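The values are calculated or read from the model by the stated rules, or taken from the named source; none is laboratory data. This one's a predicted model, so the numbers in the text were calculated from it and none came from an experiment. As a convention, Cβ positions derive from the backbone with ideal geometry for all residues, glycine included, and neighbour counts pool all protein chains shown. Accessible surface areas use protein heavy atoms only, side chains included; no ligands, DNA or RNA. Shrake-Rupley method; radii C 1.70, N 1.55, O 1.52, S 1.80 Å.
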Amino acid sequence: MTDKSQKDRTVLYVSSILAVLLVAFGLLIPTKMSKVVNAIFAFLTTDFGWLYLLSVAIFVVFIYGIAFSRYGKIKLGKDEDKPEFSNFQWFAMLFGGGMGIGLVFWSIAEPMMHYITPPFGEGGTVEAMRLAMRVTFFHWGIHPWVLYAIGGIALAYFQYRKGLPQLISSAFYPLLGDKVYGPIGKTIDILTVFATFFGVSTSLGLGSSQIATGIQYIWGVKATPGVTSAIIAVITILFTFATVSGLKKAMQYAANIKIWLSVAFMVFIFIFGGSVFILNTFTDAIGAYFQNFIGQTLWMGNVDWLKGWTVFYWAWWLACAPAVGQFVARVSKGRTIRECVVAVTLLPVGFSFIWLAIYGGAAFYLDQLTNGVIQAAVNADYTTALFVTLKQLPLYQITAPLAILLIIACFVALADSTTFVLAMLTCNGDMNPDRKLRGFWGLLEGAVTIMLILVGGKATLQTLQTASIASAFPFLFIMLIMCYSLYKALKKDYALELEKTTHEYVSVEPQVTPEFE
């Protein structure tokens with residue numbers, strides 16, 4: 001790129017202005033904005049629910065198709081590039097950058113909610129419990145990680161192998177050429193920043209509300225907007241400091257804390273939460289998951305239920321895919337496409353399945369022992385599900401505060417990675433963005449979230465969350481086109497490598513003497 005394009009701040013200015021305008025509308029006319037946003041989202045999920053399901057199915061076929069084809073050996077980088085991180089560090093950062101807080105939040109609440117109100121059949125039965133675990137595995141399984149893998153591989157390929165900026169728009173270079181530096185490319189990048197910023201801000205607000213609810217449940221401190229805002233301020237300081245201090249040190253540290261604390265909780269709950277029941281649950285759920293993989297992927301049997309769960313999840317993962325894809329690309333340099341697909345779509349998924357089986361299985365086991373205490377708590381307030389479950393286990397006075405710490409660690413790891421990505425996106429894909437820019441996005445996320453909590457409460461946050469998901473609808477088409485663009489580039493790359501190899505073979509082949517012709 002030219003010096004002029006490197007210094008171009010169009011994406012930064014436009015995305016910042018749009019963010020401020022949307023926040024202003026949310027604060028000044030919350031009711032009207034809520035109605036408009038919810039109407040748009042209802043239209044998209046009702047009339048285009050089939051498109052979400054079909055598109056995600058295409059993404060699954062595409063990513064595994066290229067991974068196990070002749071293109072799978074192509075490296076995300078130059079042929080001589082080596083991985084920057086060890087396998088353990090890479091796995092911990094992939095999991096930390098992609099998920100964590102969602103699993104902590106939903107690992108008990110979601111299975112219980114499906115158990116009470118299943119997509120089909122009667123609730124509160126053994127079959128409803130089995131179906132609840134299968135559906136939860138489906139929502140947190142391979143499909144969301146496929147979306148992350150597509151974005152990550154496309155970005156890493158064009159950045160590290162082709163020398164393009166680490167921007168979503170770069171993935172369209174085979175189709176657009178130098179136009180990716182113009183209005184079309186900048187529009188794609190602005191949409192990416194928009195969805196990422198509000199995705200992080202709303203997650204920060206809603207997750208902080210869960211922490212506040214947990215503190216209220218444990219210590220009786222009322223979860224007022226002021227308390228929630230104070231929690232947001234502390235978390236913002238933590239992840240902004242981590243982001244400003246640098247990717248490698250801070251993100252590895254945050255990811256490692258989260259992984260080890262997560263493992264400790266899993267072991268504890270497995271031992272005291274009914275290990276045999278949990279193992280039975282895991283075995284049954286993973287078998288049902290793979291047995292129904294294709295059918296569940298395209299199932300449209302209950303449109304109203306799908307709208308609130310599967311389609312909502314797929315829309316949310318699409319909104320998160322650009323940011324997480326950026327992060328996956330950043331830490332995957334030097335890996336082959338096949339290695340990256342297997343690691344990104346299978347390793348964190350395996351960890352997630354074990355997590356869900358332990359937490360969900362223990363919750364069902366303890367719910368039976370206590371005559372429905374956990375089920376009743378989820379019905380009353382699903383944000384307390386984790387703390388109610390821990391209360392039925394030993395050492396509650398220790399595990400409850402550690403659960404708060406785990407949620408905070410998950411938030412810091414997630415917000416850390418996405419704030420770093422925002423800085424990259426708004427400085428033309430610079431892999432080491434200016435620390436001031438990192439600090440700007442981190443503090444802006446915290447400030448906006450606190451303002452929304454104090455003025456509008458959870459309702460405004462949920463409206464903005466819905467708006468960010470609805471605004472990510474164009475990414476459905478962007479990612480479909482991205483798949484074609486990546487395939488086109490890989491096909492050309494493979495042909496050039498094949499031609500190069502053939503030429504080298506011919507050039508060193510010994511000459512045949514006349515007597516052997």
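Using the structure shown, decide if PHE327 is at pLDDT below 95 and of a type outside the set (D, E, K, R). Judged against the criteria, PHE327 is a match. Are any of the residues in segment 330-339 under 18 Å from LEU422 (Cβ atoms) and either in contact (Cβ under 8 Å) with a residue 12 or more places away in the chain or in contact with a Cys (Cβ under 8 Å, 6 or more places away or on another chain) (or both)? Yes, some residue in segment 330-339 is under 18 Å from LEU422 (Cβ atoms) and either in contact (Cβ under 8 Å) with a residue 12 or more places away in the chain or in contact with a Cys (Cβ under 8 Å, 6 or more places away or on another chain) (or both).
Among the residues of segment 352-407, those that are of a type in the set (S, T, N, Q), in a helix (DSSP H, G or I) and more than 19 Å from THR283 (Cβ to Cβ) comprise GLN375, ASN379, THR383, THR384, THR389, GLN397, THR399. Being assigned to a loop (DSSP other than H, G, I, E, B) and either open to solvent by 60 Å² or more (accessible area, probe 1.4 Å) or polar (S, T, N, Q) (or both) is a property that holds for GLY121.
Does at least one position in segment 150-157 carry a residue that is touching a Pro at 6+ places or on another chain (Cβ under 7 Å), under 18 Å from PHE293 (Cβ atoms) and either buried (at least 24 other Cβ atoms within 10 Å of the Cβ) or modelled with pLDDT of 95 or more (or both)? The answer is no; no qualifying residue exists.
With a requirement of 1 or more residues that are of a type in the set (Ser, Thr, Tyr), under 16 Å from PHE197 (Cβ atoms) and without any contact (Cβ under 8 Å) to a residue 24 or more places away in the chain, the helices (runs of 4 or more DSSP H) lying completely within segment 1-75 that satisfy it span 10-28.
The single condition among (1) out of contact with any helix residue (DSSP H, G or I) (no Cβ under 8 Å at 6 or more places or on another chain); (2) surrounded by 20 or more Cβ atoms within 10 Å (Cβ to Cβ) that LEU94 does not satisfy is (1). Here PHE48 fulfils each of the conditions (1) in contact with a helix residue (DSSP H, G or I) (Cβ under 6 Å, 6 or more places away or on another chain); (2) open to solvent by 10 Å² or more (accessible area, probe 1.4 Å) apart from (1).
Of the candidates ILE469, ILE481, the single residue that is open to solvent by 40 Å² or more (accessible area, probe 1.4 Å), in a helix (DSSP H, G or I) and either over 21 Å from GLN326 (Cα atoms) or of a type outside the set (Gly, Ala, Ser) (or both) is ILE481. Candidates ALA285, ALA264: the one that is of a type in the set (Gly, Ala, Ser), surrounded by 20 or more Cβ atoms within 10 Å (Cβ to Cβ) and part of a helix (DSSP H, G or I) is ALA285.
Taking the criterion of being under 17 Å from ILE190 (Cβ atoms) and touching a Gly at 6+ places or on another chain (Cβ under 8 Å), the only residue of segment 389-429 that qualifies is THR418.
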